[in-house]
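To start, the structure under review is shown below, and the notes come after it.
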Amino acid sequence: MKEYNGQLIAKGFKFALIVSRFNDFITEKLLEGAVDAIDRSGGDKEAIDILRVPGAFEIPLVAKRVARADKYDAVIFFHYKLQPLKYPKMLDKSRPF
């Protein structure tokens with residue numbers, strides 16, 4: 001069996017972090033975690049650009065434009081949508097799907 005392990009080295013890379021302002025009480029924590037992970041992996045905080053968008057609809061539009069600019073080594077985006085849990089309906093076998 002072959003196993004491949006990547007190295008967590010961010011040194012010398014430029015990052016674009018696209019963050020949704022929708023549910024920002026969660027997306028801000030995700031952003032902080034990403035910046036911390038890049039920093040702990042040897043990346044430079046000056047090599048991180050943060051782009052904020054209103055919601056999920058705008059993320060692919062901005063991500064496409066950023067990726068085509070060929071300015072970044074990685075484009076990472078964060079969005080969080082709260083929705084009610086639907087498991088009870090899914091587990092109820094008496095209900096047809």
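Computed quantities for the displayed model
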| quantity | calculated |
| --- | --- |
| Tally, over region 63-75, of residues that are among the hydrophobic types (A, V, I, L, M, F, W, C) and exposed (fewer than 13 other Cβ atoms within 10 Å of the Cβ) | 1 |
| Residue among Pro60, Pro54 that alone is surrounded by fewer than 17 Cβ atoms within 10 Å (Cβ to Cβ) and without any contact (Cβ under 8 Å) to a residue 24 or more places away in the chain | Pro60 |
| Filtered residues of region 1-19 (kept if crowded, with 16+ Cβ neighbours inside 10 Å and either more than 18 Å from Phe78 (Cβ to Cβ) or modelled with pLDDT of 95 or more (or both)) | Phe13, Phe15, Ala16, Leu17, Ile18, Val19 |
| Index of the failed condition, Phe78 passing every other in (1) modelled with pLDDT under 95; (2) exposed (fewer than 10 other Cβ atoms within 10 Å of the Cβ) | (2) |
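The values are calculated or read from the model by the stated rules, or taken from the named source; none is laboratory data. Source: prediction; values computed, not measured. Neighbour counts are summed over all protein chains in view; Cβ atoms, including those assigned to glycine, are modelled from backbone coordinates with ideal geometry.
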